[in-house]
Each structure stands twice: as structure tokens, then as C-alpha cells.
Amino acid sequence: MVRLFLVWLVVLCVACNSSKTVEEESEDTYEKFASHFKNASLTFQLSDTFLIKNKDTAALRGATYSSFLADSVITKTFTKGAKVKYIPLWKIDLPEGGHYFIVKTEAARKKAAFLLVFDKQNEFHASFPFLIPDADATTDQVTTIDKAYSISKTITRRGENTVIAEGKDVFAYDKEAKNFVLVMTDPLDEKNLELINPIDTLSKTHKLAGDYSRDKKNIVSIRDGRKPNLLTVFIHIDNGKDCSGEVKGDATITSATTALYQQPGDPCILQLNFSGSTVRLSEVEGCGSRRGLSCSFNGSFTRKKQTSTKSTKASKKTSKS
């Protein structure tokens with residue numbers, strides 16, 4: 001009987017010690033977890049370029065961390081059964097207690113960033129795909145957390161012909177639902193791409209220099225050249241369907257009203273004829289390599305009116321008087 005009592009006592013002691021150890025570990029888990037993250041302040045911003053180049057490799061260990069992201073999320077982001085590393089990056093204090101944690105996930109040479117939400121009781125509530133880089137070399141992604149704790153995901157796309165489009169989604173955290181909801185969206189619309197003029201800031205003192213256009217996507221921009229007998233030109237055409245073209249370089253002034261675009265190594269030769277406030281382009285030869293088959297550089301472009309500095313000053317002087 002004594003032997004049986006001693007065995008029971010030993011078992012009870014072991015059980016009590018085991019229970020205490022688990023409790024202590026559970027109390028330390030969050031602190032240890034949070035200690036791996038660097039503090040970040042708002043406004044916070046993360047770009048896909050920075051994430052891809054990030055060299056942090058110290059991974060979180062333990063099955064608990066991997067359970068923060070559902071298998072379906074991992075499969076969608078990486079591949080089914082991928083062995084994912086969870087690497088701590090930053091933590092952001094929430095105004096009512098708790099934290100946003102930003103974790104870098106990495107598997108098979110692919111990286112992504114997820115945001116984890118913990119409340120003031122240190123309980124996990126939600127995960128959010130903070131930034132998932134794509135394989136498109138023409139896009140740039142930036143995710144921002146503003147001072148209202150809203151999350152903005154912005155994507156910009158640069159086209160073949162120095163054209164940019166931008167899209168944005170804004171999310172807010174719903175405490176009751178314990179997830180992020182989309183509150184505003186401005187989709188990436190390639191039909192409304194903005195054309196960027198790469199020579200816009202160059203000087204335009206020559207009498208032929210200026211901006212000529214048919215519309216926002218069909219322009220002839222002319223600036224002062226590197227030499228007195230040269231003009232710098234940028235020409236962009238777009239038929240709004242499936243054809244566009246572009247040239248940029250020097251045009252030699254051949255008379256008071258004509259210039260010839262011709263570059264070494266470029267088969268395209270364009271004649272520019274100036275008359276009043278218009279310039280007419282004529283393809284001389286070899287321009288098919290600089291545009292699509294169903295459009296051409298041929299056509300007339302009208303010069304945009306410029307606000308005179310003198311007239312602006314005069315109007316200000318008049319208003320003062």
C-alpha cells in the first residue's frame with residue numbers, strides 16, 4: 001500500500017510540474033515571438049523591390065507559427081506542400097493594445113509578406129496578404145499602413161512606350177468580423193494610361209520647339225537640340241486599339257520650316273514639315289520597325305498654346321492696381 005501511494009504521489013508531482021511548464025511556456029510564447037520583430041512607426045511602407053532584396057533569414061520555429069496561415073493561403077501563394085519559412089520583420093503597436101506583425105514567408109525562391117493581427121490579450125485574430133510580388137517586370141507594388149491603420153495596396157505598370165497606369169485597393173480591419181475588408185478600389189485600367197514625355201523638361205527656346213498633338217496619346221514634342229542645327233524630338237502615336245509607335249532622338253534642321261529625323265543604326269527616317277502652328281510628319285523609309293503594322297507616323301499635329309510669362313505678369317500687375 002505504501003509503495004502504491006508513493007507511485008501515485010510521484011505521478012501527481014510530475015503532472016503538476018508538467019502543467020506548470022506548459023503554462024509558463026504559453027505565457028512566454030508571445031513575448032518571445034514579439035521580441036523577434038523590429039519596431040516600426042506609421043506611416044509604414046513596404047515595396048516589392050525591398051521585400052525581394054531583403055536578406056533576413058532568422059526564421060521563427062514551431063508549429064504554432066505555421067498555423068497562422070491556412071493551407072489554402074500557402075498553396076495559393078506558393079505551391080501545395082511547400083516548406084515555408086516564417087521570418088520576422090516588423091511590429092506595429094495598435095492604439096487599443098495589440099500589434100500588427102509583418103512576417104516574410106519564403107519558399108522555393110519566392111517571397112511574400114503577411115500581416116498578423118494580435119489583440120491586447122495577445123490572442124491571434126487574423127492574417128492578411130500584405131504584399132505578394134508578381135512575376136511581371138513592368139509592375140511595381142507598394143503596400144502602406146497610414147496613421148489611421150488603413151492598408152493601401154498600390155500597383156503601377158509601365159508599358160512599352162513610357163506609359164504608366166496605377167491601381168489601388170484600400171483595406172480596413174473589422175474588429176467584429178476579425179478580418180480586413182475592402183473599403184475603396186481604383187483598379188489598374190490600362191485604357192487610361194498616362195503618357196510620360198521623357199524630354200518635357202528640356203529647354204524650348206527655338207522657334208520650332210513646342211508640343212504638338214492630335215490627342216493625349218498622339219504627340220510630337222520638340223525641344224532645343226545639342227547643337228544649333230539640331231532639334232531633340234519625341235514622337236508617340238497610338239491608334240487606341242492595337243497599334244502604337246515611338247521614336248526619340250535628334251532631328252537635323254534642313255531649312256527654316258523642315259527637319260529630318262535620322263539616327264545612326266535606326267532605319268526609320270521621318271520628314272518634319274512646319275507650317276504655322278502645325279507640323280506634318282511623313283515617313284521616308286524604314287519606320288515599320290518603330291511601330292505596329294496598322295498605324296503610321298504620317299499625319300498633322302497642332303501646336304499647343306503656351307501661357308505667356310509677360311501676359312501673366314501684366315495680369316498680376318493689373319489686379320494689384
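The values are calculated or read from the model by the stated rules, or taken from the named source; none is laboratory data. These numbers were taken from a predicted model, which means no experiment stands behind them. Here the Cβ is made from the backbone with ideal geometry for all residues, glycine too, and neighbour counts use every protein chain on show. Only protein heavy atoms, including side chains, enter the accessible area calculation; ligands, DNA and RNA are left aside. Shrake-Rupley method; radii C 1.70, N 1.55, O 1.52, S 1.80 Å.
If R0 is 45 Å, what FRET efficiency do you get for residue 239 and residue 179 from their C-beta distance, rounded to 0.05?
Values: r = 45 Å, r/R0 = 1.00.
FRET efficiency, residue 239 to residue 179: 0.50.
Once the convex hull of the alpha carbons of the stretch 160-298 is built, what does its volume come to per residue, in cubic angstrom? Display every interim value, and only then the final one.
Numbers: hull volume 20.4 nm³, N = 139.
Per residue, the Cα convex hull of the stretch 160-298 comes to 147 Å³.
Would you mind checking which residues have amide H under 5 Å from residue 278's amide H? H placed 1.01 Å from N; only 5 or more apart, or other chain.
303
Could you give the length gained on full extension between residue 260 and residue 199, defined as 0.36 nm per residue of separation minus the Cα-Cα distance, in nm?
Numbers: separation 61, 0.36 × 61 = 21.96 nm, distance 1.81 nm.
So the chain would gain 20.2 nm between residue 260 and residue 199.
5 Å is the cut-off here: which amide hydrogens, built 1.01 Å from N in the peptide plane, fall below it relative to residue 179, excluding neighbours closer than 5 in sequence?
Here 174 satisfy the definition.
When the chain is fully extended, how far beyond the present Cα-Cα distance does residue 54 get from residue 293, taking 0.36 nm per residue of separation? Could the numbers behind the result be given before it?
Details: separation 239, 0.36 × 239 = 86.04 nm, distance 4.36 nm.
Extending this stretch completely gives an extra 81.7 nm.
Among the listed pairs 53/168; 32/110; 104/168; 80/120, which are separated by more than 32 Å between their Cα atoms? Present the calculation step by step, with values, prior to reporting the outcome.
Working: 53/168 23 Å; 32/110 27 Å; 104/168 22 Å; 80/120 34 Å.
Listed pairs above 32 Å: 80/120.
By its C-alpha gyration tensor, with a ≥ b ≥ c as the square roots of the eigenvalues, how is the stretch 59-128 shaped: rounded for a/c under 1.5, else prolate for a/b larger than b/c, else oblate?
Numbers: a/c = 2.24, a/b = 1.95, b/c = 1.15.
Verdict is prolate for the stretch 59-128.
Please check which bits of the stretch 261-288 a label hung off residue 214 would reach, taking the label as a point 7 Å along Cα-to-C-beta and the cut-off as backbone N under 11 Å.
Under cut-off, by backbone N: 281.
Treat each spin label as a single point 7 Å out from the Cα along the C-beta direction, and report the residue 300 to residue 79 distance in nm.
That separation, rounded to one decimal, is 6.1 nm.
Residue by residue, what Karplus-based ³J(HN,Hα) values in Hz, rounded to whole numbers, does the stretch 283-289 have, using 6.51, -1.76 and 1.60 with θ = phi - 60° and x for Gly and Pro?
Computed from phi, the couplings for the stretch 283-289 are 6, 8, 5, x, 8, x, 6 Hz.
Round to a whole angstrom and tell me the spacing of the C-alpha centers of the stretch 193-267 and the stretch 32-58.
Each part reduced to its Cα centre gives a spacing of 44 Å.
Work out Dmax and Rg for the stretch 89-239 from the C-alpha atoms and quote the Rg first, both in angstrom.
22.8, 75
Heavy-atom accessible area of residue 275 with all protein chains present, probe 1.4 Å, nearest 10 Å²?
80
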